[in-house]
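Data first, discussion second: the structure below is written as structure tokens.
The values are calculated or read from the model by the stated rules, or taken from the named source; none is laboratory data. If you're wondering where the values come from, they're calculated on a predicted model, not measured in any experiment. When we count neighbours, we look across all protein chains shown, and the Cβ atoms used for this are built from the backbone with ideal geometry, even at glycine. Protein only, heavy atoms only, side chains kept; ligands, DNA and RNA dropped before computing areas. Shrake-Rupley method; radii C 1.70, N 1.55, O 1.52, S 1.80 Å.
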Amino acid sequence: MGSIRDAGRQDWAAHLAAVAMHADRAAFASLFAFFAPRIKAFMRRTGESDAQAEELAQEAMLTVWRKAALFDPATTGAAAWIFTIARNLRIDAQRRARRDGAGATPAATEEFEIDDAPLPDIQLAAAQSSAQVRSALAQLSPEQIRVVEMSFFEEKPHTEIAEALSIPIGTVKSRLRLAMKRLRSLLGEET
Amino acid sequence: MSIAHHPSAPMVAAYAAGRLDFGQHVAVATHLFSCQHCRNQVRAAEQTGGDLLSALPPAPLANDALTRIEARLAEPDKPPPPNPVATSDIPGLPSFLRSYRFDAWRPVAPSLEARAIRLPHPTPTRVFVLKARPGSRLLLHTHKGFELTCVLAGGFSHEGGHFGPGDFDIGDSAVSHEPSIDAGEDCISLVAMQGSLKLRGLLGLLVQPFVRL
Ligand SMILES: [Zn+2]
């Protein structure tokens, strides 16, 4: 299963490279066929209307086309990169919806650029860790994955996550802490 | 790495998922600015996001969706907004934050000053920079709501341990503490707070009306 997913990931990275280098429309059409309906599903799950979800999926794919050259396969997976585009667009859309009239709100993208002056070895460390991150993730229990999944895709506070899994809130926190701790030790860092 | 206190794992996951309100986002981003550790956690969480996205059952788009978007591919991209100018001289803050408006320092309580940060859009969480004199002791307090603190300079201790630059502290209604500030240097922290502080004890009752946070 892991190898099939890795193959898929490689494939999408190559499609993104083709879009970036040759404005390859066939590669874009494949990306669109796979990701657009899933981005729409993501938007639906996080509470957007059908029309809004469709609109955001379109906008996300247009961003994929325009920013493909910024995708760096050494530091992230193609699906993860597309996920961050969808995430940022969703935040922007929510801000537009809630705006109290006071001018334009800045785009979320910049707010996620946290290492604006990266040390020379950070890029390398990121590349090394992504493989370790993946293998670490493969070892998480289905329950742990479920907890992360709920905080990703559902508009639920942690108390409701606890209710849904019928475990006390302290357990949700400690399980996630445990999962992250495991991740950290697998990443070769001290905790 | 000397950073000993990190945001909780669910909080890091929620940051990566784009689920934190902007005030909390600012506090976590400030920690990430100095914590490679948690930046890796964010990357791991984003990879999970990608995996989960790939695994979602697709929600079909309109039949002509691809045709419509292909018609737009040649459109020029909107020019990016000009880079905001950094206005703050406080070190240790992520660059997007340094371009926001900072109010002037104002006294909050004896040996305590604060400087509010004007976020560009409304959020239930207020964000400010807090400066405490070296060697001072803050009053025993609990929280209505919660308080996220990321140390920028100096340090403090309470029963949860010692907190230095980059360290992240979470206070909520379950926590009651009486931090004491390290000697020798001002302690400067970024604080994201929802609700208000509740000071305990007789002294708290007496000074509460004068503490404006
Ligand atoms: Zn950290």
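Worth a mention:
- Restricting attention to the stretch B:116-125, the residues that are surrounded by fewer than 18 Cβ atoms within 10 Å (Cβ to Cβ) and not in a loop (DSSP other than H, G, I, E, B) add up to 2.
- For B:Ser2, the conditions (1) of a type in the set (Ser, Thr, Tyr); (2) at the interface with another protein chain (Cβ under 8 Å from one of its Cβ atoms); (3) open to solvent by 40 Å² or more (accessible area, probe 1.4 Å) are fulfilled apart from (2).
- Among the candidates B:Arg68, B:Arg19, B:Arg43, B:Arg39, residue that is surrounded by fewer than 17 Cβ atoms within 10 Å (Cβ to Cβ), at the interface with another protein chain (Cβ under 8 Å from one of its Cβ atoms) and either among the charged types (D, E, K, R) or out of contact with any helix residue (DSSP H, G or I) (no Cβ under 6 Å at 6 or more places or on another chain) (or both): B:Arg68
- Verdict on A:Ser30 being modelled with pLDDT under 95 and either of a type in the set (Gly, Ala, Ser) or touching an Asp or Glu at 6+ places or on another chain (Cβ under 7 Å) (or both): no
- The listed residue being within 15 Å of the ligand (Cβ to nearest atom), more than 24 Å from A:Ala20 (Cβ to Cβ), open to solvent by less than 30 Å² (accessible area, probe 1.4 Å) and in contact (Cβ under 8 Å) with a residue 60 or more places away in the chain, out of B:Ala14, B:Ala27: B:Ala27
- Test for B:Arg43: is it at pLDDT below 85 and more than 16 Å from the chain's Cα centre (by Cα): yes
- Among the conditions (1) at the interface with chain A (Cβ under 9 Å from one of its Cβ atoms); (2) under 21 Å from A:Met43 (Cα atoms), the only one that B:Asn63 does not satisfy is (1).
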